[in-house]
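The values are calculated or read from the model by the stated rules, or taken from the named source; none is laboratory data. This is a predicted model, so every value here is computed, not measured. Every residue, glycine among them, receives a Cβ derived from its backbone with ideal geometry; neighbour counts consider all protein chains shown.
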Amino acid sequence: MTVIKDVSDLESADNSQRSSQLEGTGRFFGRLGEFWRGFKKNPASVIGLILLAAVVVMIIIGPLIYQLDPFDIVSAPFTPPDENFRLGTDYVGRDILAGVLSGGRASLSVGLFAALITAAIGLTVGSLSGFFGGWIDTLLMKVTEFFQVLPTLLFAMVLVTIFGPTWVTVTVSIGLASWMNVARLTRAEFMRLREFDFVRSAVAAGASSARLMMVTILPNALPPIVVAAAFDISFAILLEGSLSFLGLGDPNRMSWGLIIGQNKNYALRAWWTVVFPGAAIFLSVLSVCLMSDGLNDALNPRRERRF
Amino acid sequence: MIFFRHLAVRLGNSILLLLAVIVLNFILIHSAPGDPAEVIAGEMGGATIEIIEEIRSRYGLDRPLWTQVVIYVRQIAGGDLGYSYYFNQPVSSLILRRIPPTLLLMIFSLASAAIIGVVLGVISSYAPHSVPSHLITFFSLAGYAAPVFWTGLMLMLLFGRFCPIFPVSGMFDIVAGHHGFAYVWDVLRHLALPSLTLILLNAAQFSRLSRASMLESLSTDYVRTARAKGLNERRVFLVHALRNALMPVVTMAGLQFGPLLGGAVVVETVFNWPGLGRLVFDSILRRDYPVLLGILFISAMMVILANIVTDALYRLIDPRVRGGPK
């Protein structure tokens, strides 16, 4: 006989009954539906998702339709936007529209993969630290504290300068410079969950440390971490922008930050060279933020929103 | 007494952190592609063999690795950050000369951002679902999402093209050569746009934090007590709730120091502000590693210092944490 302590137990009992009725794909769609109900609570998150989808479609399909090499000189320098060059040309006469369309690939892919690296390092450090405690925790938190002392942008910048600006070094540098928040968050979640009864019973059943961490605790710790990682994508996009603005992006790939960095001294003469690529970064970051807020509503209904 | 003991522990901890930064710099020099001596010389347009040899002997590069670490740490700890062959002067004096303009920009922006942010946050916590509150939320989201160099350029376009009341480049008018009060006024006018850029970025975060913190503070028992004993709403709001809500803001101001430094570096390159940022930009172009590593070291030092100051401030303001280490 089950003892019902509060309403959430009632709900979960109800849910488990419902989900046992659904099988396979039906169960998956049931969960997806539940997720979507949480996500769409705030219209801003839905707008963010649509905006993000639009940006992603634009940078994937855009260069296929508008086949102009962003490095090709196609017109006189500083041609204002007209019917041939919709967004004008830059200081050497390269098409801005082509740059904005293909520049997004570098910015967004670096953002996504850097956030994945951030999550991987942060999860590893945080879970070891929070699970084992003791000297392991002390040591790993000292390491985390050390990395927090280095200003993120400056550290990433030094790494890229020393190891050379390529897509890989830029991505890894951003990941290495910004995993600390995820680590702290993961550590806190692991410490909190470690004391729960379901973990204690797994310990009593003789589960190994690895099993406890990966199977028992991790799935329960994930929701807030997923939200933080999604938010980190926006941070990584901004960081990539700053690096390529300073001339530290991969020189063989067009990137939004690079266009702005190369044209910054002519901004007053040719506003279109800086306004459009910057707006692209702004909209991407904005949409990722709004979307991660929606994730938060869907995954952690009781936690407060970031914005 | 406990306060000072705590301070001593913090100082010891900080020295360890700084040693770790020096060791990190050492590792970076040695893991860079190419000969460490050439890395230290930087790509200064072909280092002569004499210079390379001198570096090799000065840093003990032909000795065992652990001896090299000791030599390197001793050198940096003694204040010798190396020599910039491109700028042809010691790195330490190069950096020290660039710090005041950056600090001026940072402190002015941080203070203004904190004040503006707290005011906005308090307004928006007063009626969390009103139109102004939503506007402030949108403003803080936009402030975060706009890349700082773009915000700077947009302000430059706005003020440069349509409303030229502020200069868009440099720190003072070289031609006019002002003195005394006119000089201060000139610097302040040049400061306007770079600091406005950083304020837009940071006020957003302060307003978000102080809004959340105010909402939390307003739901506590002591606020309910204050209301129950019949204090007027303004006093409850501004004295009882706000004072406690300010604590996280102080912490935040300290934590913002590192990110703000990164932001300042970028903004300085936009507005030609003659601080660390310009130096960073030039050193990246010349692959001047000693300068870059020196800046990394100095900025880590400034972050540590900012943390100590924040911590001490926090302990002085909040009686609950004055009791010593947890």
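A compact table of results
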| item | result |
| --- | --- |
| Only one of A:280, A:298 that is buried (at least 22 other Cβ atoms within 10 Å of the Cβ) and either under 20 Å from residue A:48 (Cβ atoms) or aromatic (Phe, Trp, Tyr) (or both) | A:280 |
| Residue within the range A:110-126 that is within 14 Å of chain B (Cβ to nearest Cβ) and in contact (Cβ under 8 Å) with a residue 24 or more places away in the chain present | yes |
| Some residue of the range A:152-165 being free of Cβ contacts under 8 Å to residues at least 24 places away in the same chain, assigned by TED's automatic domain parsing to the domain that holds residue A:287 and among the aromatic types (Phe, Trp, Tyr) | yes |
| Any helices (runs of 4 or more DSSP H) falling wholly within the range B:81-189 and containing at least 1 residues that are in the same structural domain as residue B:213 (by TED's automatic domain parsing) and closer than 30 Å to residue B:223 by Cα | B:91-126, B:131-145 |
| From the options A:219, A:224, A:165, residue that is assigned to a loop (DSSP other than H, G, I, E, B) and over 20 Å from residue B:24 (Cβ atoms) | A:165 |
| Test set (1) over 22 Å from the mean Cα position of the chain (by Cα); (2) facing chain B (nearest Cβ under 8 Å); (3) of a type in the set (Val, Ile, Thr) - residue A:152 fails condition number | (1) |
| Residue B:247 being buried (at least 17 other Cβ atoms within 10 Å of the Cβ) and either out of contact with any strand residue (DSSP E or B) (no Cβ under 6 Å at 6 or more places or on another chain) or within 30 Å of residue B:38 (Cβ to Cβ) (or both) | no |
| Residue within the range A:253-274 that is away from chain B (no Cβ under 11 Å) and more than 21 Å from residue B:267 (Cβ to Cβ) present | yes |
| Tally of residues being surrounded by fewer than 22 Cβ atoms within 10 Å (Cβ to Cβ) and at the interface with another protein chain (Cβ under 7 Å from one of its Cβ atoms) across the range B:286-302 | 1 |
| Condition met for residue A:145 (free of Cβ contacts under 8 Å to residues at least 24 places away in the same chain, within 14 Å of another protein chain (Cβ to nearest Cβ) and under 21 Å from residue A:123 (Cβ atoms)) | yes |
| Test: residue A:139 is buried (at least 19 other Cβ atoms within 10 Å of the Cβ), more than 23 Å from residue A:112 (Cβ to Cβ) and within 14 Å of chain B (Cβ to nearest Cβ) | no |
| From the options B:192, B:228, B:182, B:176, residue that is modelled with pLDDT of 80 or more and either aliphatic (A, V, I, L, M) or loosely packed, with under 14 Cβ neighbours inside 10 Å (or both) | B:228 |
| Residue selected from the range B:229-271 under the condition touching a residue at least 40 places away in the same chain (Cβ under 8 Å) and either in contact with a Lys or Arg (Cβ under 7 Å, 6 or more places away or on another chain) or among the aromatic types (Phe, Trp, Tyr) (or both), by the criterion nearest to residue B:97 (Cα to Cα) | B:268 |
| Single residue of the range B:29-45 satisfying the filter (assigned to a loop (DSSP other than H, G, I, E, B) and more than 11 Å from every other protein chain (Cβ to nearest Cβ)) that is modelled with the highest pLDDT | B:35 |
| Residue A:98 being more than 14 Å from chain B (Cβ to nearest Cβ), modelled with pLDDT of 90 or more and either crowded, with 19+ Cβ neighbours inside 10 Å or part of a helix (DSSP H, G or I) (or both) | no |
| Hey, residue A:233 within 29 Å of residue B:293 (Cβ to Cβ) and either assigned to a helix (DSSP H, G or I) or aromatic (Phe, Trp, Tyr) (or both) or not | no |
| Test: residue in the range B:112-127 that is surrounded by fewer than 15 Cβ atoms within 10 Å (Cβ to Cβ) and farther than 24 Å from residue B:261 by Cα | yes |
| Those residues of the range B:218-251 which are within 21 Å of residue B:314 (Cβ to Cβ) and within 14 Å of another protein chain (Cβ to nearest Cβ), in sequence order | B:248, B:251 |
| Filtered residues of the range B:206-263 (kept if among the charged types (D, E, K, R) and more than 30 Å from residue A:240 (Cα to Cα)) | B:216, B:221, B:224, B:227, B:229, B:233, B:234, B:235, B:243 |
| All positions within the range B:63-86 that are surrounded by 19 or more Cβ atoms within 10 Å (Cβ to Cβ) and of a type in the set (A, V, I, L, M, F, W, C) | B:76, B:81 |
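Residue by residue, here is whether (1) at pLDDT 85 or above; (2) crowded, with 24+ Cβ neighbours inside 10 Å; (3) within 27 Å of residue B:149 (Cα to Cα); (4) hydrophobic (A, V, I, L, M, F, W, C) holds:
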{"residue": "A:214", "(1), (2), (3), (4)": "no, no, no, yes"}
{"residue": "A:228", "(1), (2), (3), (4)": "yes, no, yes, yes"}
{"residue": "A:243", "(1), (2), (3), (4)": "yes, yes, yes, yes"}
{"residue": "A:271", "(1), (2), (3), (4)": "no, no, yes, yes"}
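This table checks each residue for (1) in contact with an Asp or Glu (Cβ under 9 Å, 6 or more places away or on another chain); (2) away from every other protein chain (no Cβ under 14 Å).
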site: A:207; (1), (2): no, yes
site: A:216; (1), (2): no, yes
site: A:222; (1), (2): yes, yes
site: A:228; (1), (2): no, yes
site: A:238; (1), (2): no, no
site: A:300; (1), (2): no, yes
